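Please read the structure below before turning to the comments.
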Amino acid sequence: MRKYLVVMPTLNERSSLPGLIESVLKHDGFHVLVVDDASTDGTPEAVRTIMSTTERVSLMERPSKLGLGTAYITGFKWGLQRGFRYFIEMDADGSHNPDALPWFVKEMEKGFGLVIGSRYMNETISVVGWDFRRLLLSKCGNIYASMILGLRLTDLTSGFRCYSVQALEALDLDRVHSTGYSFQIEMAYRVDAAGFTVHEMPIIFYERNYGSSKMSKRIVREAAVLPWRLRVERMFDALGRVVSRKKHAKEISG
Ligand SMILES: Nc1nc2c(ncn2[C@@H]2O[C@H](COP(=O)(O)OP(=O)(O)OP(=O)(O)O)[C@@H](O)[C@H]2O)c(=O)[nH]1
Ligand SMILES: [Mg+2]
C-alpha cells in the first residue's frame, strides 16, 4: 500500500507553492497531488517543473474555479484508486506548516478515522496574523456548527487534517455537497456519523503572506446553512431506516 497523499487545492498560489512542496517532500512517504482550478499566475507550470525532478508530485488541472470541496473530493478519489493509506488536506498558501505532517501520521496510527489540526485546543487560540473580526467569525462559526451537529470538537472548520483510507472508503463521497469551507464541517460530520473516531491535535495557523484570500460572503452563507441541512438529512435517513425495517418485518411475517 502506498503511504500518505497530501492533496493541495490551488487557485493562483505560484508564490508559495514550490517552497511548500519542497518542505512536504522532505518528509518520507509523502506524495503531493495539486488540484489546480485554472490558475493564471503560472501555478500549474511551476508544478510541472517540480514534476520533472520527482515522481512524488502529481497535478490535476480543472477548467475553472469549481470550489475547494470538489477539488478535495476529486483528489481523494484519485488517491483511493492508487492505494494511499492516509489523505491529508493542506492549504497551498503557507498557512499550514508541513512539519506537522509526521505528527498527523503518529496520531493516525492510533486508529482514528480523521485527525483535525485544531487552532483552538485547550482554551487557547493558535492563529498568527488574523484580525479580531476574522477570529470572531471563525470561533463563532465553530461553536455554531458544533452545537447544531452535537460534535464535541474545537475546530470543525480547520483545513489541515488527515483521513484514513477506511473512513474515506466508508463515505459516499458523491453525497458531499459543500463547495466552500463548509466542506470541512460536512466531512467531519460524515466521518463521525459513519462510526469513526474524529480526533484533534493542536496546530498553529499562519495567515497567508502571499496571494489573496478566496473567502466570500457566499462561502460564509453556505457554512451557516449547512449544519441545518445535515440535521434534516439525518432525520430523513432515520425515518428511511424505520420505514425499511417495518417493511422488512411485514415481509417476514407475511
Ligand atoms: N482548486 C481550488 N482551490 C481553491 C479554491 N478556493 C480556494 N482554493 C485553495 O484552497 C486553499 C485555501 O484557500 P484560502 O483562500 O487560503 O482560504 P483560507 O485559508 O480559508 O482563507 P485566508 O485566511 O484568506 O487565506 C488555498 O490553497 C487556495 O488556493 C477553488 O475553488 N479551487
Ligand atoms: Mg488561507
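Of all residues in region 111-127, those that are in contact (Cβ under 8 Å) with a residue 40 or more places away in the chain and within 22 Å of Y163 (Cα to Cα) have Cβ atoms under 6 Å from Cβ atoms of residues that are of a type in the set (F, W, Y) and surrounded by 18 or more Cβ atoms within 10 Å (Cβ to Cβ), 6 or more apart or on another chain, in G113/F196; L114/Y163; V115/F104; G117/F160; R119/F205.
Go through region 106-155 and give me each residue that's among the polar types (S, T, N, Q) and loosely packed, with under 14 Cβ neighbours inside 10 Å. Passing the criteria: N122, T124. Filtering region 2-20 to residues that are touching a helix residue (DSSP H, G or I) at 6+ places or on another chain (Cβ under 8 Å) and away from ligand 1 (no atom under 12 Å from the Cβ) leaves Y4, L5, P18. Residues that are in a helix (DSSP H, G or I) and away from ligand 2 (no atom under 16 Å from the Cβ) within region 96-117 comprise D99, L101, P102, W103, F104, V105, K106, E107, M108, listed in sequence order. Exactly one residue out of V7, V32, V24 is within 22 Å of L80 (Cβ to Cβ), part of a helix (DSSP H, G or I) and open to solvent by less than 20 Å² (accessible area, probe 1.4 Å), and it is V24.
Scan region 79-95 residue by residue and report those that are within 16 Å of ligand 1 (Cβ to nearest atom), outside any loop (DSSP other than H, G, I, E, B) and more than 13 Å from the chain's Cα centre (by Cα). Passing the criteria: only G79. Scanning region 35-47 for residues that are more than 24 Å from the chain's Cα centre (by Cα) and part of a helix (DSSP H, G or I) yields one hit, E45.
Restricted to region 52-68, and to residues there that are open to solvent by less than 70 Å² (accessible area, probe 1.4 Å) and modelled with pLDDT of 95 or more, the residue that is farthest from V32 (Cα to Cα) is S64. Summed over region 190-211, the residues that are open to solvent by 70 Å² or more (accessible area, probe 1.4 Å) and within 10 Å of ligand 2 (Cβ to nearest atom) give a count of 1.
In a residue-by-residue description of region 143-157, the property of being under 21 Å from G75 (Cβ atoms) and either free of Cβ contacts under 8 Å to residues at least 40 places away in the same chain or not in a loop (DSSP other than H, G, I, E, B) (or both) applies to no position.
Got at least one residue in region 198-221 being more than 25 Å from E13 (Cβ to Cβ) and among the β-branched types (V, I, T)? There is at least one residue in region 198-221 that is more than 25 Å from E13 (Cβ to Cβ) and among the β-branched types (V, I, T).
The values are calculated or read from the model by the stated rules, or taken from the named source; none is laboratory data. Note that the structure is predicted; figures quoted are calculated from it, not measured. We place every Cβ from the backbone using ideal geometry, glycine too, and count neighbours over all the protein chains shown. Heavy atoms of the whole protein, side chains included, go into the accessibility calculation; ligands, DNA and RNA do not. Shrake-Rupley method; radii C 1.70, N 1.55, O 1.52, S 1.80 Å.
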